[in-house]
1. Per-residue mean of other chain beta-carbon atoms within 10 angstrom of the beta-carbon, peptide B:127-140?
2. Per-residue Cβ counts within 10 Å, from other chains only, averaged over A:248-260: what number is that?
3. Under 13 Å from the Cβ of A:Lys323, count the other residues' Cβ atoms, weight Lys and Arg +1, Asp and Glu -1, and hand me the total.
4. Taking only the alpha carbons of chain A, what extent do you get along each of the three principal axes, in Å, biggest first?
5. Can you give the FRET efficiency to the nearest 0.05 for B:Asn94 and A:Ser30, using r as the Cβ-Cβ distance and R₀ = 51 Å?
6. Working from the alpha-carbon coordinates of segment B:47-121, get Rg over Rh, Rh being the Kirkwood radius.
7. Partner chain Cβ atoms within 10 Å, averaged over the residues of A:39-48 - can you pull that number for me?
8. Which helices, taking whole DSSP H runs in chain A, have alpha carbons extending 18 angstrom or more along the helix axis plus mean Kyte-Doolittle at least -0.5?
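FYI, it's all coordinate maths here, none of it is from the lab. This is a predicted model, so every value here is computed, not measured. Glycine also receives a Cβ, built like all others from the backbone with ideal geometry; neighbour counts cover every protein chain displayed.
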Protein chains: 2
Amino acid sequence: MKKMKMKHTDHWAVGVDLGGTKIEVARVDSAGRVQERLRRPTPVKEGPNAVKKVIVDLVRRLRKLAGPPLGVGIGLAGQIDPSEGLVIFAPNLNWHDVPFQSDLKQSLEWPIVITNDVRAVTWGEWLHGAGKDCNDLVCLFIGTGIGGGVVSGGRILTGCSNTAGELGHMTIDLNGPLCTCGSRGCFEALAGGWAIEKMARDAIALDPVAGVQLIKLAGGSPRDVTAKTVAEAAHAGDLLGLRLVEQTAQSLIAGVTSVVNAFNPCLVILGGGVLEGLPELIDQIDMGVRKRALPAATASLQVLPSKLGNDAGVVGAAALAMKTFG
Amino acid sequence: MKKMKMKHTDHWAVGVDLGGTKIEVARVDSAGRVQERLRRPTPVKEGPNAVKKVIVDLVRRLRKLAGPPLGVGIGLAGQIDPSEGLVIFAPNLNWHDVPFQSDLKQSLEWPIVITNDVRAVTWGEWLHGAGKDCNDLVCLFIGTGIGGGVVSGGRILTGCSNTAGELGHMTIDLNGPLCTCGSRGCFEALAGGWAIEKMARDAIALDPVAGVQLIKLAGGSPRDVTAKTVAEAAHAGDLLGLRLVEQTAQSLIAGVTSVVNAFNPCLVILGGGVLEGLPELIDQIDMGVRKRALPAATASLQVLPSKLGNDAGVVGAAALAMKTFG
């Protein structure tokens, strides 16, 4: 018998990274490669309907370039009810109880799935990034805040109300600084971008002389000092910058230790803006966690940087859509 | 057609709770009820072979009382390689790399499964205790140390090297007191029985007058003050006792908050010796976590005391055996 060589049409899905400042819509193939990418500012002030119009427009443009997609995956920062794609709360967009999936369905003829942005990133890194072929991993993104996603035994953990993986709100310093969530000493209140910024400004207020280089790097005003400024100052050898980075490193080690002892992953994938500015921290976290976490939990542990970087969101949202509808 | 009423023989399994001081072996039926129970001191000093002989003897006695069991489940404090039932490390028994499952197999004709003690307790509470019919729960046992077990999406999390759920070693105070594991500020180093004992003795050393009632309750010597003494002193209105209990409560709230935000369980089951001595803490933890954890994670949360208490170990080990071999 002669084997027939089947010709497959190239399957693809739309991945949408819906952020507070920009909407990115990409055509992603079944290997997780971004084939096309379109971007627009997010019309936050104009509300969900305006956001919907932008997404519909961009998806239609992609569809013109290729055949029909298998589906549309959307990642956004917020709490999602996955059963109906209801956005319960999305602080960046200022949305409360927006039935975004059914809104979109009226204008798009392809199936739609909505997920939390860090959950999307986790799908991306798991299926096509640093976590390929790994069935026990934790994705930790240290940006303005800290978000996480957990794959355990080959499944993404969702929890009782779909909020599992809020690793930025594990307490790592029970009497520590106030967090935006109302608690104290949350992981992100010590090591997230907003916390680094606050620690820097507080330190400058206490000792303006020590903050001279930070202020200079920020363009002259202490109010413009950010986590990025802190990283730049540290790299330039500034003492306050170095101290703040060292403090952040210790907090990151404590937080990742909690994660490693609680979940026992084979792999921790680290990404996000703070670590992009301070990539040297990844090795430092790796070494620190090996000292601090249980030997039984670190014996089989790898710590790796995100492979997909800024693409993880669209790649992951598309991969989820492909997995759900493919 | 007439329905035939089938007569089932009553299925049962052996549950073994192998501790550092006693071995408990029970006949447990398919509903998780303990039908018979035998106990012996653990011959720790005589090594694995002596322990094996005790277990074999007790299992044979049970088998005389009933038909053959479906299997034998064993829970012990330590790190287990489940693929071959190898005990990698069991501190209470002072065992390193003991192939206990294959040792036992030579003397017992029924299949054997070995698991970590808190994992066994989690099986028990999940299948037959406070967590029945719940597919997202965390069991937290506050004894001398703090151990945990996690059911997420209807499966017990095992992790990469079978140590998932070491919740007692999540960092909750990154500059806090040293833990027995070598890290600092672990959950159990602030709220476990050994930590409460240490805090009490340290407080007495600093201020012996404040410790008068604790010393009296302990029988005259500060060295005999334990977590139990602290609970008794607090219940008698002693100020130092009350302060130590309040401090423990705050640590428990922080630790359970981490667990709730990380895993988003529907149910947290709390048990263990410390909470048996201070049952009023369960409501306090419940209220405190609702203030401190993310609203999205607590909206669907229940906090309940363990239902099986001291039976959870044997019931869970037997339930695991029944699930594995039934």
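1. Working: counts 0, 0, 0, 0, 0, 0, 0, 1, 1, 6, 1, 1, 0, 0.
Mean partner-chain Cβ count within 10 Å for B:127-140: 1.
2. Working: counts 0, 0, 2, 2, 0, 3, 10, 4, 1, 8, 13, 3, 6.
Mean partner-chain Cβ count within 10 Å for A:248-260: 4.
3. Here the count lands on +2.
4. 73, 50, 37
5. Numbers: r = 53 Å, r/R0 = 1.05.
It comes out at approximately 0.45.
6. 0.96
7. On the way: counts 0, 0, 0, 0, 0, 0, 0, 0, 0, 0.
Counting Cβ atoms of other protein chains within 10 Å of each residue's Cβ and averaging gives 0.
8. A:48-65, A:193-206, A:239-263, A:312-325
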